[in-house]
Amino acid sequence: MSSTVAVRSPRGVRGIGLFAIIAGIVMIVAGILTWILVAIQLANEEITVSNDATFMGGIFQGKQVIGPLTAYAQADIINQHALAATDGQTFAQLAQDDPRRDVVMTASFLRASLFTSIVSFGVCVLVVALGVLFWLIGSALRRLADVVPGGALAGAATPGLTSEADAYGRHASPPTGTAAAAAPPGTGYPAAPETGYAAPPDTGYAGGPAAAEPTDPLPDTTYAAPPQTGETTSGTSYATPAETGEVTGENDDSGPGRPA
């Protein structure tokens with residue numbers, strides 16, 4: 001039993017691949033443009049990293065804040081300056097009438113603005129990475145659609161849903177890879193599966209295979225005529241097998257089977 005599988009045209013797969021490629025390109029462009037926009041806004045503020053910044057060994061000292069690393073370096077040194085002005089106390093730890101609260105509050109606002117720009121740079125990187133991933137997926141889908149053209153597999157025969165257990169019985173042994181035994185002609189029964197056991201000898205019944213000729217026939221047995229005695233025999237005569245070389249007599253008074 002077999003069934004036919006028809007493969008539809010892969011236009012849908014190609015369409016999805018094209019959409020993924022376009023979405024990836026849009027995300028890449030949007031991420032790059034957003035990065036440039038945030039960097040321009042930071043550059044317009046003309047913020048310079050303090051000369052006593054300690055982030056990454058102070059390699060950003062005196063540089064303009066235009067990227068995530070310089071922004072973090074400046075936010076870190078602002079926090080150090082604020083803690084130094086309040087003897088290590090935060091805004092919540094200072095008293096309500098402490099004049100240093102304004103200094104700490106201003107420092108907190110500046111750090112929050114810088115951290116916002118850092119998060120914006122991180123989102124740009126994430127969007128660009130996702131755009132590249134969408135582009136690769138879309139290209140893979142379109143190549144897959146080109147490998148399997150529409151209708152190439154239409155009409156391909158596949159095995160049916162009928163299992164061997166259903167065909168031969170739940171407790172029957174499945175075929176072992178050799179051809180199954182043919183059913184006797186005229187019986188109407190399905191062919192039995194090959195089980196690996198030796199075939200039974202021919203029985204010689206009608207409809208089955210003919211019985212094999214004996215390879216070693218029995219020796220011929222001859223019967224001799226009774227001796228001419230002029231008397232009517234009272235019984236049947238017996239003969240010995242040919243290989244004995246003797247001829248039996250009649251069933252007379254001398255007894256059956258004795259030499260005449």
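Computed from the coordinates by the stated procedures, all read-outs in this text should not be read as laboratory data. Since the structure is predicted, the reported quantities are computational estimates derived from the model, not experimental observations. Here the Cβ positions follow ideal geometry from the backbone for every residue, glycine too, while neighbour counts run over all protein chains shown.
Mind giving me the FRET efficiency for Phe109 and Val132? R0 is 45 Å, r the Cβ-Cβ distance, nearest 0.05 is fine. All intermediate terms of the calculation are to be shown ahead of the outcome.
Working: r = 36 Å, r/R0 = 0.80.
Efficiency, from the Cβ-Cβ distance: 0.80.
Which residues in segment 69-88 place their backbone N less than 12 Å from a point set 7 Å from the Cα of Asp98 along the Cα-to-Cβ direction?
Residues 83-88 fall inside that zone.
For Ala85 and Ile32, what is the calculated FRET efficiency with R₀ set at 25 Å and r taken between the beta-carbons, to the nearest 0.05?
On the way: r = 40 Å, r/R0 = 1.59.
The calculated FRET efficiency here is 0.05.
Does segment 2-148 come out rounded, prolate or oblate, given a ≥ b ≥ c as the square roots of the eigenvalues of its C-alpha gyration tensor, rounded meaning a/c under 1.5 and, failing that, prolate meaning a/b above b/c? Before the final figure, lay out the partial values.
Working: a/c = 4.35, a/b = 3.16, b/c = 1.38.
Note, shape of segment 2-148 comes out prolate.
If I stretch the segment between Gln61 and Arg11 completely, what's the gain in nm (0.36 nm per residue apart, minus their alpha carbon distance), one decimal?
Details: separation 50, 0.36 × 50 = 18.00 nm, distance 5.69 nm.
Going from the current span to full extension adds 12.3 nm.
With unit charges on the beta carbon (Lys/Arg positive, Asp/Glu negative), name the residue among Ser139, Ala43, Gln64 whose Cα is farthest towards the positive pole of the charge dipole of segment 2-148.
Ser139
Expected output is a single nm value to one decimal: the length gained when fully extending between Ile22 and Val123, i.e. 0.36 nm times separation in residues minus the C-alpha distance. What is it? Please list the in-between numbers first.
Working: separation 101, 0.36 × 101 = 36.36 nm, distance 1.97 nm.
Here the segment from Ile22 to Val123 would lengthen by 34.4 nm.
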